[in-house]
Amino acid sequence: MIQVNDFLYGKMELPMVFSDLLNTDALKRLGGVHQSGAIFLVNPDICHSRLEHAIGVAMLIRLLGGSELEQIAGLLHDISHTAFSHVGDYVFNNTDEDYHEKVFAEILCKSEVPDVLLKYGYDINQILYGTFNILEQPLPALCADRLDYTLRDGVHGNIISRQRAREFLTAVVLKDGKIAINKEVEVEWINETFEKLNNEVFKLPLHLYANGKMAELIKKFLDKGLLVESDLFKTDTLLLNKIRTSYEGYEAIKSIKQLKGFTEFMRHGAVPKIKKRTLNALLV
């Protein structure tokens with residue numbers, strides 16, 4: 001067993017398969033991918049990683065009694081996110097924000113993950129074709145993925161406190177194999193928190209600017225041949241470093257940090273069209 005620690009779920013022991021998975025290059029890369037994209041360039045307080053979220057989802061599934069396989073699926077579910085997370089969707093004009101899902105099988109199968117799973121008696125097809133009702137549900141239902149990022153992003157976005165997030169978790173249960181809430185007041189709170197997160201973090205003009213300008217820059221560099229698509233599957237830092245090797249790229253990154261052209265971009269630029277999200281948590 002290995003021990004992991006998270007500000008939402010506390011200390012938890014996980015089977016050794018998680019240790020081996022966390023040592024793969026594919027999952028290590030997620031430690032260098034910001035959960036909220038390029039927002040950290042204009043708001044350094046929002047700097048948590050996709051890996052933190054992935055580990056959190058696995059821990060939440062374990063906390064609720066989900067199978068080891070579903071915990072593994074939770075750890076792996078974001079493995080195909082590009083650098084700067086959903087910025088990849090904006091680069092490729094993917095309005096459903098599911099580019100990472102479209103390339104999930106390819107990225108997963110090319111990684112070391114299938115061999116690690118085989119070592120522990122699992123097959124990659126169990127991840128690719130399995131049904132995981134705790135991990136994923138269609139909007140507006142609550143699921144481990146949606147719940148973890150609501151609480152985690154909410155804390156980092158300073159719209160809820162860590163203490164309140166942990167208090168809410170005491171009301172989370174399973175009903176018919178799916179996540180539900182056992183207090184009406186908590187149902188109202190998580191639905192309101194989800195809406196607040198969307199309006200005050202995801203759709204905040206400053207944050208739309210950062211992600212939109214980064215997508216615009218990456219797209220321009222792809223068109224010029226200064227970047228190739230595989231560069232988007234590096235870490236944020238490595239992609240930034242490659243962009244900065246040119247004077248144009250160096251100045252462009254600096255201008256994003258300095259909010260140059262903010263007003264003009266919000267009026268006439270390629271501002272990301274954020275997917276409409278609502279939440280309707282189930283009361284037991």
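Since every read-out is calculated from the coordinates, none of them should be taken as a lab result. Just so it is clear, the structure is predicted and the values come from calculations on it, not from any experiment. Glycine gets a Cβ as well: all are built from the backbone with ideal geometry, and neighbour counts include every protein chain shown.
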### Query
Once region 114-221 is represented by equal point scatterers at the alpha-carbon sites, with solvent omitted, what log10 I(q)/I(0) does the Debye formula produce at q = 0.12 Å⁻¹?
-0.61
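Could you calculate the contour length gain from residue 178 to residue 203, that is, 0.36 nm times the residue separation minus the distance between their Cα atoms, to one decimal place in nm?
6.1 nm
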### Query
Which FRET efficiency, nearest 0.05, do residue 185 and residue 128 yield, Cβ-Cβ r, R0 45 Å?
0.70
### Task
List the relative contact order of the chain as a percent without decimals, with contacts defined as Cα pairs under 8 Å and 6+ residues apart.
23
#### Entry: Efficiency of FRET from Cβ geometry, residue 2 and residue 141, R₀ 45 Å, rounded to 0.05
0.90
### Query
Expressed as an acute angle from 0 to 90° and rounded to the nearest 10, what is the orientation of the C-alpha long axis of helix 205-223 relative to the principal long axis of the chain?
70
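So what's the back-of-envelope 222 nm ellipticity for the chain, counting only DSSP H runs of four-plus at -39500 (n - 2.57) apiece and dividing by all residues, rounded to 500?
-14500 deg cm²/dmol
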### Exceeding the 32 Å Cα-Cα cut-off - candidates 183/234; 183/273; 110/183; 183/276; 11/273; 196/224
183/234; 183/273; 110/183; 11/273; 196/224
### Message
How much length would be gained if the chain were fully extended between residue 102 and residue 159, taking 0.36 nm per residue of separation minus their Cα-Cα distance, in nm to one decimal?
### Response
17.4 nm
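Sorted by average packing, counted as other Cβ atoms within 10 angstrom per residue and highest first, what order do 150-157, 185-192, 199-206 take?
150-157, 185-192, 199-206
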### Relative contact order of region 154-284, defined on C-alpha pairs under 8 angstrom at six or more residues apart (%)
37
